[in-house]
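Below is one structure, written out as structure tokens; the observations come after it.
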């Protein structure tokens with residue numbers, strides 16, 4: 001029960017992230033570019049978090065500051081730029097499916113470069129079941145797979161960036177508060193994003209921001225989907241670990257499926273419903289494995305004391 005609220009925060013975060021496509025689609029229809037949307041939402045999140053965050057400017061060491069820079073690149077600019085660019089080369093279904101390999105990639109990155117904990121077999125099986133479910137939900141009964149090396153490789157790069165992002169967080173969260181880390185992520189995400197506009201200034205449409213529809217969606221993306229969700233996600237990674245937290249990413253396509261049906265009247269097929277069951281069972285199976293392993297370890301320790 002002590003981790004209940006952290007699981008709840010992870011679930012709320014992926015629910016919000018699963019619905020952001022609606023706001024993003026509206027902003028794209030209003031003429032904003034994908035990278036421009038990300039810039040505005042990160043600027044809004046960065047300015048807002050200053051009202052809550054300690055005024056500490058720099059990390060304690062140069063190494064930690066470089067790790068914060070890396071987290072801003074991996075969890076901010078490079079991740080979203082790779083993802084948005086991939087959508088120009090390959091199908092959205094390909095992107096959604098490949099991005100859901102993030103939990104598996106996170107487990108391996110964490111094993112090699114992170115805490116080096118042994119990966120549980122239940123994590124493998126739960127991830128496999130959830131990934132099968134993701135495939136069913138993404139294709140939603142229309143099994144169209146169009147291979148595009150450029151787009152698919154960019155999507156794999158995005159998934160790998162998020163895996164590194166979570167692993168970097170675990171290296172920092174024992175030294176710094178979540179608000180400080182999150183603020184630095186937004187800052188370095190913005191800084192490393194600016195060169196994109198230097199090469200292609202036509203992506204900026206500043207005069208459009210004052211439009212009420214644009215402004216309201218940017219506020220949602222900046223304050224809720226960015227500032228609040230990044231804080232909740234980073235808190236959850238700190239408490240539950242990067243591998244367990246990242247497993248919740250499997251739920252995002254399920255949320256997107258439901259939102260699509262409610263907002264833009266997309267049809268949910270029996271195949272997608274079956275995929276939803278696979279996702280929920282896979283995540284539950286992987287999560288229960290962690291709790292069960294801890295319970296068995298506690299029982300063994302009690303027996304040794306006796």
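Summary table
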quantity	calculated
Qualifying residue in region 139-146 (condition: modelled with pLDDT under 90 and either assigned to a helix (DSSP H, G or I) or touching a strand residue (DSSP E or B) at 6+ places or on another chain (Cβ under 6 Å) (or both))	yes
Condition check for residue 57: over 14 Å from the mean Cα position of the chain (by Cα), closer than 21 Å to residue 168 by Cβ and at pLDDT 80 or above	yes
Residues being under 25 Å from residue 229 (Cα atoms), over 25 Å from the mean Cα position of the chain (by Cα) and surrounded by 11 or more Cβ atoms within 10 Å (Cβ to Cβ) - total across region 181-210	1
Unique match (being in a helix (DSSP H, G or I) and out of contact with any helix residue (DSSP H, G or I) (no Cβ under 6 Å at 6 or more places or on another chain)) among 194, 254	194
Helices (runs of 4 or more DSSP H) wholly inside region 22-94 that include at least 3 residues being free of Cβ contacts under 8 Å to residues at least 24 places away in the same chain	62-72
Subset of region 197-210 (residues that are in contact with a helix residue (DSSP H, G or I) (Cβ under 7 Å, 6 or more places away or on another chain) and modelled with pLDDT under 80)	203, 204, 205
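The values are calculated or read from the model by the stated rules, or taken from the named source; none is laboratory data. Keep in mind it's a predicted model, so treat the numbers as computed, not measured. All Cβ positions, glycine included, derive from the backbone under ideal geometry; neighbour counts span all protein chains shown.
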